[in-house]
Amino acid sequence: MDRCAMAYQYHKEGWNCAQSVAGACADLAGRTPEEVLPLMGGFGGGFGGSHEEVCGAVSGGVLILSLCFPHAQGGDQEAKRKVYRLAKEYRRRFSEVFGLTRCGELLRVRPGVTEKNPAAQRLGVTAHCDNMIVTAVELLEALVQEERAGQAV
């Protein structure tokens, strides 16, 4: 299954950036797209289409990280630190590729496809949000795989 292509397809069907990433990666957390797509409805466009906050593609990825590595007990500080660490690392990696993580800033700068986001190259993505989406999925897959193998930062 090519999650990057799936996320790209979700976006073409009208799902927002956050939904596209979360829906394509739901299986990483043992969930179905139908379970996670509605959860991210308000997170597209930098939270509710405002373009003021974090990119929806990043938000979708953080949901999947939270489901894969849950902080499910209030007093479980180790789980809390772990998911925070992973969310921070995910955002750092996204910023490493694009230089920014806020939706409006990304829209102003419109970073293109480079060697730093090979999935976008492979899929022939040219639209701005599609680039953010497939790259977010690519980064998320790598981080989850590394964490499960005990190799993540």
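Please count how many residues of region 37-50 are under 12 Å from the mean Cα position of the chain (by Cα) and open to solvent by 20 Å² or more (accessible area, probe 1.4 Å). Final tally of qualifying residues: 1.
Just one residue in the set Glu53, Glu34, Glu13 is touching a residue at least 40 places away in the same chain (Cβ under 8 Å) and either acidic (Asp, Glu) or exposed (fewer than 14 other Cβ atoms within 10 Å of the Cβ) (or both); that residue is Glu53. Counting only residues that are touching a Lys or Arg at 6+ places or on another chain (Cβ under 8 Å) and either on the phi > 0 side of the Ramachandran plot or surrounded by fewer than 17 Cβ atoms within 10 Å (Cβ to Cβ) (or both), region 56-75 holds 1 of them.
Touching a residue at least 60 places away in the same chain (Cβ under 8 Å), on the phi < 0 side of the Ramachandran plot and surrounded by 24 or more Cβ atoms within 10 Å (Cβ to Cβ): does that describe Ala24? Yes: the conditions hold for Ala24. Note on region 24-53: residues that are part of a helix (DSSP H, G or I) and touching a Ser or Thr at 6+ places or on another chain (Cβ under 9 Å) total 3. Reported count of residues in region 1-52, each being farther than 16 Å from Leu139 by Cα, of a type in the set (D, E, K, R) and at pLDDT 95 or above, is 5. Listed by position, the helices (runs of 4 or more DSSP H) enclosed by region 76-153 that each have at least 2 residues that are closer than 23 Å to Leu28 by Cβ and open to solvent by 30 Å² or more (accessible area, probe 1.4 Å) are 77-98, 118-123, 128-148.
The values are calculated or read from the model by the stated rules, or taken from the named source; none is laboratory data. The shown structure was predicted, so the numbers you read here are calculated from the model rather than taken from an experiment. Reconstructed Cβ throughout: ideal geometry from the backbone, glycine too, with neighbour counts over all protein chains shown. Accessible surface is based on the protein model in full, side chains and every heavy atom, while ligands, DNA and RNA are left aside. Shrake-Rupley method; radii C 1.70, N 1.55, O 1.52, S 1.80 Å.
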